[in-house]
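Since the structure comes first, as structure tokens, the remarks are kept for the end.
Quick note: the coordinates plus some simple rules give every number you see, no bench work behind them. In this text, all values refer to a predicted model and were calculated from it rather than measured experimentally. Quick reminder, even Gly has a Cβ in these numbers, built from the backbone with ideal geometry, and neighbours come from all protein chains shown.
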Amino acid sequence: MVFTLEEFRKFTPRKETFALFGYPLGHTMSPELHADLFACSARDADYIAVSVKPERFAEAFALAKEKLSGFNCTIPHKKAVISLLDHVDKSAADLHSVNTVSIENGETTGYNTDILGFAASLQADGIKLADRKCLLVGYGGAAAVMGYHCVSEGAQLYITGRNLTKAEDLRLQLLTCFPKAKIMVAQPKNLPKQISVICNATPIGMFPNEDASPLAKLPYKIEYVFDAIYNPPVTALMKQGRQLGARTRDGLFMLVMQAAWAQTYWCESEFSDADCAKILQLLYAKMAVKRLHDKYGKQNIALCGFMGSGKTTFGKLLAKLTGLSFADADIYLEQKEGKSISQIFSEHGEAHFRVLETKYLKEISSQQGLVIALGGGAVLKPENVSIIKNTCFLIYLNPPFRRIWKNLISSKNRPLLDKQGENRYAETRKLYVSRRNVYLRVCDASVRSTHKKQLTEDIIKCI
Ligand code: NAP
């Protein structure tokens, strides 16, 4: 919920409270993100979002000093707040941009934690900037932050964008902070070939315009692409980078780390790498649900794949991370029929089981907010595929066969496997190969990894 200024005036904090001020404030992830961080440091605090028009910001600031222990500000208040503060941290003063304000005994101090979030992203990926050629796309607020960090680390910075006069303004602004730095403006159609790091600080490629990239072609020596965008989690620019073998990162970790640093300034809370990774994963999962609804207009996620491919294990994990409920289509059928699938197979045969499967798939996929683990053969029937895809985003879990076999031989209750004779391995592999083509054809996305952590990440980011 976003408060109006009038609501904020009437608001009485029940506990230590922090806020975000911005205008316009649409959907913002900040309250959830800060709640996750407070939970992590076991701090009993609230975080609210307040929509404040520029002309009423001074009023909001005065109210904040009465009611809050600190706040964040976003567009259009990042610059305007500076004249109201008692103290301003150096990089925030250099950038003329404050996104975090701490309030202590009535004294206010402004910081820029976006820069710390950006630095943390590059550090997490082991990117060293000294003497590297970096290309910065854009010249707005985020670009200033990213350019400032690159130059402060000794990079040679090239700034590009659709308006080279504005790019020149940013160059001059950065030169006032770092007079000896090598900062150039580059024509988009004539980029230097030796660029090793690209940072996108424009909204080009953001949902719903996901196919757009700010650069038609990337320099072929590119090693790393950072995109400040986080919806989608893999942007068109990142895909271009990956095709050239570059490592990539989207902007969600920057968002997490700027919030973590804000809490460090407000409450002296410290967050371990593991804490931040966990919060990041939860945020990607929330983003996946948002994309499920906004981009695909679907209400459920369904996992298909060969028996033993991990549909139940990863389905449960995905449900836990996304906050959706887990449902196993086979167990649903067994409960409805009051019989195990093995029993149904032996008493009535596979054909009867497939009729029941369609009946119950209709029921289960008409529900909302589920992660559904499908039976291995569920998508072999085109009728089932349309039933499932009507409401579900369909992900194919496609681990290598050796992984599947390992899972299968250690598990019981596999009627299809039990039917096969001595040459179980060859028979099962043959079945796997024939089904794999179907899974690949019908799915919305397929994921393949032998590592649990990587596979979980791939599942969340494929939506
Ligand atoms: P900003 O100050 O408004 O700057 C936007 C920049 O993008 C400007 O250089 C602008 O150039 C350029 N741009 C916008 N639309 C364009 C288009 N259609 N074609 C070419 N250039 C275009 O915004 P900002 O605060 O810097 O944010 C920029 C991006 O970074 C946004 O996507 C934002 O969500 C993201 N961001 C992420 C984080 C994070 O934590 N991950 C933090 C801050 C920002 P013109 O002036 O020529 O329009």
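At a glance:
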quantity: In degrees, nearest ten, helix 57-67 long axis to first principal axis of the chain (Cα); calculated: 70
quantity: Furthest towards positive pole of dipole, Gly349, Thr4, Gly138, structure part the chain, Cβ charges; calculated: Gly349
quantity: Descending semi-axes in whole angstrom, ellipsoid equivalent of region 343-463, from the Cα gyration tensor; calculated: 23, 22, 12
quantity: Whole-percent pair-distance distribution, where bins are 5 Å wide, for the alpha carbons of region 1-123; calculated: 2, 11, 22, 24, 23, 13, 5, 1, 0
quantity: Region 1-88, dipole about Cα centre (Lys/Arg Cβ +1, Asp/Glu Cβ -1), debye to the nearest 20; calculated: 160
quantity: Neighbour-count ranking [beta-carbon atoms within 10 angstrom, fewest first] of Thr391, Thr165; calculated: Thr165, Thr391
quantity: Between 0 and 90°, nearest 10: helix 252-267 axis offset from the chain longest Cα axis; calculated: 50
quantity: Simple Cβ-charge dipole of region 293-333, Lys/Arg +1 and Asp/Glu -1, about Cα centre, in debye nearest 20; calculated: 120
quantity: Region 1-118, relative contact order [Cα under 8 Å, separation at least 6], %; calculated: 25
quantity: With 10 Å bins from 0: P(r) over region 239-289, alpha-carbon pairs, percent; calculated: 22, 40, 29, 8, 1
quantity: Extension gain from Gln368 to Glu32, taking 0.36 nm per residue of separation minus the Cα-Cα distance; calculated: 118.7 nm
quantity: Distribution of pairwise C-alpha distances over region 248-391, 5 Å bins, in %; calculated: 2, 9, 15, 17, 15, 11, 8, 7, 5, 4, 3, 2, 1, 0
quantity: Simple Cβ-charge dipole of the chain, Lys/Arg +1 and Asp/Glu -1, about Cα centre, in debye nearest 20; calculated: 1920
quantity: 25 °C / 0.890 mPa s Stokes-Einstein diffusion coefficient of the chain, Kirkwood radius on C-alpha pairs, µm²/s; calculated: 99
quantity: Relative contact order (%) - the chain, alpha-carbon pairs under 8 angstrom, separation at least six; calculated: 10
quantity: Modelled FRET efficiency - R0 60 Å, Ser411 with Asn209, Cβ distances, 0.05 increments; calculated: 0.85
quantity: Packing-based exposure ordering (other Cβ within 10 Å, fewest first) of Val137, Val442; calculated: Val442, Val137
quantity: Helix axis angle, 114-124 relative to the chain longest principal axis, alpha carbon, degrees; calculated: 50
quantity: Square roots of 5 times each gyration tensor eigenvalue, C-alpha, region 151-297, largest first, Å; calculated: 28, 22, 14
quantity: Percent RCO, i.e. relative contact order, over region 120-224, from Cα pairs under 8 Å lying at least 6 residues apart; calculated: 29
